[in-house]
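The values are calculated or read from the model by the stated rules, or taken from the named source; none is laboratory data. Please read these numbers as outputs of a predicted model, since none were measured by experiment. Reconstructed Cβ throughout: ideal geometry from the backbone, glycine too, with neighbour counts over all protein chains shown.
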Amino acid sequence: MLVSEFGFDLPEDLIAQTPPAVRGASRMLVVDRATGGFVDDVFLSLPDRLRAGDLLVLNDSRVLPGRLLARRAGLRTQEGSPEPTGAVEVLLTSAVGENEWEALVRPAKKLTVGERLLFADNAGVVVLRAEVIGAGEFGERRLRFEPVADFFEVLERIGSLPLPPYIRRRRDALNTAEDRERYQTVYAQAQGGEEYRSAAAPTAGLHFTPEVLRALAARGVEVVRVTLQVGLGTFQPVRVAALKDIRLHAERYTLPEETASAVNRARREGRRVVAAGTTVTRTLEHCALEAERAGTGELAEHSGETSVFLSPGYRFRVVTGLLTNFHLPESTLLMLVSAFAGKGHVLAAYTHAVRERYRFFSYGDCMLLL
């Protein structure tokens, strides 16, 4: 199967540049994955679309304010302390060791191993220092930061949220108070601590409000959580022609004991397991595959990494319902949704969404596939 089979024409003006005026006020296209039939609806009707006994699984990872501006400060091997030699944009994508981070940088070609970077606050005071200790093929760099008392507190002060590149605004309009609130889910983990910070939002979760969560509970829907760190792969386009050659970056996750037990009960009792987003889907299906390999079939509490790629032909073990946003053409996320509901059904639904002018991508509308 070819990547090009997952292309579709998307008018640029359908790419949502801002969130809806009110959280939760998104449209929702409801798709019957057995028949391919679909109905136009709104997200606020989600509690009515689910039923008592359904298990809804959320990803509670918090988005890291990891987009930073730095000044180049020369190579460590150079004598003396040269003046900064240029500006660099840094996007932290995942922690890989003590004080070490994978990052995307621009411009990447000029930033070589051994170079030092300085990060200043609004007053111009340097508050972080890092050295480039590794380089990848597509602009990835590994940075080692000098230790500070509270690295994440500094990021909260000087960093901005990593809005996706298809949100095209002036640089001074990319870190608004609205973005700080709306590019986080209402159930994201509290600030503080270094575990499972994401490089991008689990966007299906951006629609939820406390009121919707209360309505789901009143409906009898059981709600549990996993944590998956959305990482570097989110920002990388597919660079191969065939699906069989796609390899995803590994992302860290935690499956809590409460969630593992709830999923096991739901599967035994034949109840629906609805994933809020592709990140939840990948986590649950990876854990089910691991359980099969272990010969148990039952999910168990643990943490690990997953690079699982779900594409047409995959047999889903856990997830029987999926809430998800509309994804980029030829993306691995669109391939996952096509694996879940059938490529023909999904592309037909996308054609309808374009015709009816649904909003696409992170700040856009959503689909519910049951």
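If you go through segment 341-359 and keep only what is touching a Pro at 6+ places or on another chain (Cβ under 9 Å) and of a type in the set (A, V, I, L, M, F, W, C), you end up with just Val354. Counting only residues that are crowded, with 18+ Cβ neighbours inside 10 Å and assigned to a helix (DSSP H, G or I), segment 245-299 holds 18 of them. In segment 20-63, counting only strands (runs of 3 or more DSSP E) that sit wholly within it, the ones holding 2 or more residues that are among the hydrophobic types (A, V, I, L, M, F, W, C), assigned by TED's automatic domain parsing to the domain that holds Ser261 and touching a residue at least 24 places away in the same chain (Cβ under 8 Å) span 27-31, 55-59. Screening Val226 against (1) within 22 Å of Ser94 (Cα to Cα); (2) in the same structural domain as Leu334 (by TED's automatic domain parsing); (3) at pLDDT 90 or above; (4) assigned to a loop (DSSP other than H, G, I, E, B) leaves a single unmet condition, (4). For segment 77-96, taking the residues that are within 21 Å of Pro162 (Cα to Cα) and among the small types (Gly, Ala, Ser), the one that is modelled with the highest pLDDT is identified as Ala87. Regarding Phe316, is this residue buried (at least 23 other Cβ atoms within 10 Å of the Cβ), in contact with a Phe, Trp or Tyr (Cβ under 8 Å, 6 or more places away or on another chain) and not β-branched (Val, Ile, Thr)? When the stated conditions are applied, Phe316 does not pass them. For beta carbons closer than 6 Å, sequence separation of 6+ or different chains, a first residue in segment 142-166 that is exposed (fewer than 13 other Cβ atoms within 10 Å of the Cβ) and a second that is part of a loop (DSSP other than H, G, I, E, B), the qualifying pairs are Pro147/Asn99. Only one of the listed residues (Val354, Val346, Val337, Val318) is assigned to a loop (DSSP other than H, G, I, E, B) and either out of contact with any Cys (no Cβ under 7 Å at 6 or more places or on another chain) or under 14 Å from Gly36 (Cα atoms) (or both). That residue is Val318. Assess whether Glu102 counts as being surrounded by fewer than 19 Cβ atoms within 10 Å (Cβ to Cβ), over 17 Å from Thr324 (Cβ atoms) and acidic (Asp, Glu). It is false that Glu102 is surrounded by fewer than 19 Cβ atoms within 10 Å (Cβ to Cβ), over 17 Å from Thr324 (Cβ atoms) and acidic (Asp, Glu). Scanning segment 270-308 for residues that are touching a residue at least 40 places away in the same chain (Cβ under 8 Å) and either over 22 Å from Thr324 (Cα atoms) or of a type outside the set (S, T, N, Q) (or both) yields a total of 18.
Screening Ala177 on (1) free of Cβ contacts under 8 Å to residues at least 40 places away in the same chain; (2) out of contact with any Gly (no Cβ under 6 Å at 6 or more places or on another chain); (3) surrounded by 12 or more Cβ atoms within 10 Å (Cβ to Cβ) shows it passes everything except condition (3). Only one entry of Arg355, Arg315 meets the criterion of being without any contact (Cβ under 8 Å) to a residue 12 or more places away in the chain and over 29 Å from Ala25 (Cβ atoms), and that entry is Arg315. What about Asp121, is it in the same structural domain as Ala25 (by TED's automatic domain parsing) and either modelled with pLDDT of 95 or more or more than 30 Å from Pro256 (Cβ to Cβ) (or both)? Answer is no for this residue.
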